[in-house]
1. What 222 nm value per residue comes from the helices of chain A, counting each DSSP H run with n ≥ 4 as -39,500 (n - 2.57) and dividing by all residues, nearest 500 deg cm²/dmol?
2. Between beta-carbons, use under 10 Å as the cut-off and find the net charge around B:Thr50, counting Lys and Arg +1, Asp and Glu -1.
3. Can you figure out the FRET efficiency of A:Val163 with B:Trp252, using R₀ = 22 Å and their beta-carbon distance, to the nearest 0.05?
4. What does the charge add up to near B:Gly257, with Lys and Arg as +1, Asp and Glu as -1, over the other residues with Cβ less than 13 Å from its Cβ?
5. What aspartates and glutamates does B:Lys361 reach when the alpha-carbon gap must be under 19 Å and sequence neighbours fewer than 8 apart in one chain are set aside?
6. Along segment B:278-295, what does the Karplus equation 6.51 cos²θ - 1.76 cosθ + 1.60 (θ = phi - 60°) give for ³J(HN,Hα), rounded to whole Hz, x for Gly and Pro?
7. Could you list A:Tyr13, B:Tyr157 in order of exposure, starting from the residue whose Cβ has the fewest other Cβ atoms within 10 Å?
8. Of the options B:Thr27, B:Pro163, B:Val139, report the single residue whose Cα projects farthest towards the positive end of the charge dipole of segment B:17-171 (beta-carbon charges: Lys, Arg +1; Asp, Glu -1).
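Just so you know, all these numbers are worked out from the coordinates, no wet-lab data involved. The model shown is predicted, which means the values in this text are computed figures rather than measured ones. Counting neighbours? That spans all protein chains shown, and the Cβs are built from the backbone with ideal geometry, glycine included.
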Amino acid sequence: MIALEVEGLTKMYGEVRALDFISFHVNEGEIFGLLGPNGSGKTTLMEIIAGVRAPTSGSVKVFGLDALREREKVSRLIGFNPQETMLYGDLSGWENLRFVASLYGMDDREFRRRVEELSEILGTKGFLDKRVSKLSGGQRRRISLMASVLHSPHLLILDEPTVGLDPEARRDFWEVIWGLRDEGSTILLSTHYMEEADELCDRVAIMDKGRIVTLGEPEELKRRYGGTAKVIVYPRLRLIGEAERALRVMSLKLTRMGDGLAVDTEEPEELVPVLITSLSSRGLEPERIEIRSPTLEDVFLNLTGRPLAEVME
Amino acid sequence: MKLNPIIEVARKDMLSFFRSKSTLFWTLTFPLLMMLLFSSMFGGRGAMFTIAVVDQDGGNVSKAFLEDLNSTNVTRLVWFSSESDAKEYVMDGRADALLIVPRGFSDNLTSGLTAELRFYTSEDPQVRTAVTNMLNGFVDAFSEEYRARALAILEEYMPPEIPAGGRNLSRDIVISFLRSFGKPVRIRIASITKPELTSETAAYWKEEGHWITVMLAYTLIFSGMVGAASLLAYEKLLGTVKRLIASPASRWSLLAGKLLGGLAILTLSQLILVLLTILWLRPELNWTPLIIPVVIAGDLASLGLGLLVVELSPNPKAASEAVTTVGIMIQFVSGLYFPLSFLPDPLRAVAEIIPFTWAVKALDGLLVMGKGLESVAAPVISLASALFPRWAEVE
Ligand SMILES: Nc1ncnc2c1ncn2[C@@H]1O[C@H](COP(=O)(O)OP(=O)(O)OP(=O)(O)O)[C@@H](O)[C@H]1O
Ligand SMILES: [Mg+2]
């Protein structure tokens, strides 16, 4: 079944076209990622789906229901976690959750049962009674996530759920999201970390300037648009010029990458021993050699002509 | 049992409100400080100087003198029968000065001799100067009046012609001659401030019942608007308002919850403020249940106004600035701290059409002047109607 279907969605903020006729769908049970630099329209798209903003034109269907016309029904199917940590600092985690539960008209007993269950999955047991203002960023995100899934939504919308977490905490968080998927949720999340899109998501839409540049499974995207693999040779720094000349003689496709020399190739495993032998024979033994397969970063670069990381700052 | 969003919104707002220290300062501490400051500066209870008094004379004139002195706003007299007790009282720092009226004070004055007062002040030079000046001024005024009275008596019993050095002086010449001794130089004090306004303002601050009005009205004007605005602005700032909108709870129930919570917060603050004011000032009031509709209508109007300002503002920061400015302005023009006659005409015209001004008038009317229903109807209707723009905005 199709969990979410977006068609021809356009959003104008005055003259700014934040979304430009976007169409895509998300299958039930999928973890679907929106990857894009700042200002590419991820938040705008998610807020429209969650019913927080009105689109300029286009349609959104959630499990077959028109999200714009049947707001009340659709809002029960959706769990939305905005980009900002949205909890009341003066209240404890538990008080925050109880408040959210009331917005969904939950039963008191059901609420308690659900908190019990979720605090197990999300590991929030130890700090539910503390005031939110006294919690760490990661703890807050967990409680915020808990608030978004209290009413057992079928479609979970998470806007940059791991921003600001250190890499270890981010990985823990992925586990949590996989756990929720196993619980039966479909997940739409945004990120500007390309490894996150790559490892966490079943399918990814890469966004830029209000459009979806491409969409598909991460592996497929990398295969199609990521270009070739690279072998990166790091010679001793003072010999880098000599090494570069030596490699050019071998008529290889070569680019300088920081302190290294990157060679494009279809068969990196075969190229590595060849490079080592030929450099060593000239007394230019490399300090280190690296094989890099294409990443979603390369996909973005190849499709837009700009590096993802650079656009982000 | 189903959790009710209206009640939970209200509960959540109340918790946030009472857990925030800065909010508590502005809603509770600040108005109390104002009350303590102003009422002790101008109020009858908080006279500027306390003077211990020993009346060794006990005659009619000394009694009149002390009563006059006591009836000025600046002094509070404490009577003692023994000089040593009175001295101790001053030494303890409980009074600023000691005034002794020696035996013979009344007799001396009535028999045309000079009377004497003994006066001791505390060593603090500021208190010393102030209290001495005050007493000198009072004694001058008293002496002048006394001389005028003595002359009047003299005038009555003096024969029309008085022999002096072989000539007869007319009574009028003698009297005007004597009068020049009594008050050789007369100063007419021109009015620098409009005297009737100053005294009206002072009366405002002195009237203890009015402070109950201030407590109720401060809360409903300032705390209500700023509180409602900051609670909503805070949601916008946090982004939590997005969670509210994304939820199936209706906008109407969210608004109802906000108003309910706001009303509970304001009522609680008002109870605390009024109780403390009563304990401190012990005002004489005409308590009547008629103040309840005025206060509730006022609370709701100001909450509605606060929410409306946030809705209309481009961002939460602008909203809270707007609401604070408007809140302070309304406080000053609504007759809370100054009588309306104090305001320049254009400002006064504005003040007259603000429903909060009517609320202040109605509360003073009910509590201080003992008026009835007639002072309630207009403000209640107008205050309640101030809510309407907000309802229209939401739906
Ligand atoms: N409320 C608004 N008013 C006007 N323009 C807006 C508003 N919100 C977003 N925009 C603009 O719309 C575009 C898309 O913004 P959006 O926040 O959706 O991007 P994003 O991909 O979520 O970015 P980020 O990675 O920084 O969160 C940007 O150009 C932004 O400046
Ligand atoms: Mg965003």
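1. Numbers: 12 runs with 123 residues, N = 313.
Rounded to the nearest 500, it is -11500 deg cm²/dmol.
2. Working: positive: B:Arg76, B:Arg94; negative: B:Asp96.
In short, +1.
3. On the way: r = 34 Å, r/R0 = 1.56.
For R0 = 22 Å, the calculated efficiency reads 0.05.
4. Value of the local net charge: +1.
5. B:Glu200, B:Glu207, B:Glu208, B:Glu284, B:Asp299, B:Asp345, B:Glu352, B:Glu374
6. Couplings: 4, 4, 7, 9, 6, x, 8, 10, 9, 5, 8, x, 5, 6, 4, x, 5, 5 Hz.
7. Working: A:Tyr13 11, B:Tyr157 6.
Least to most surrounded, the residues fall as B:Tyr157, A:Tyr13.
8. It is B:Thr27, whose Cα lies furthest towards the positive end.
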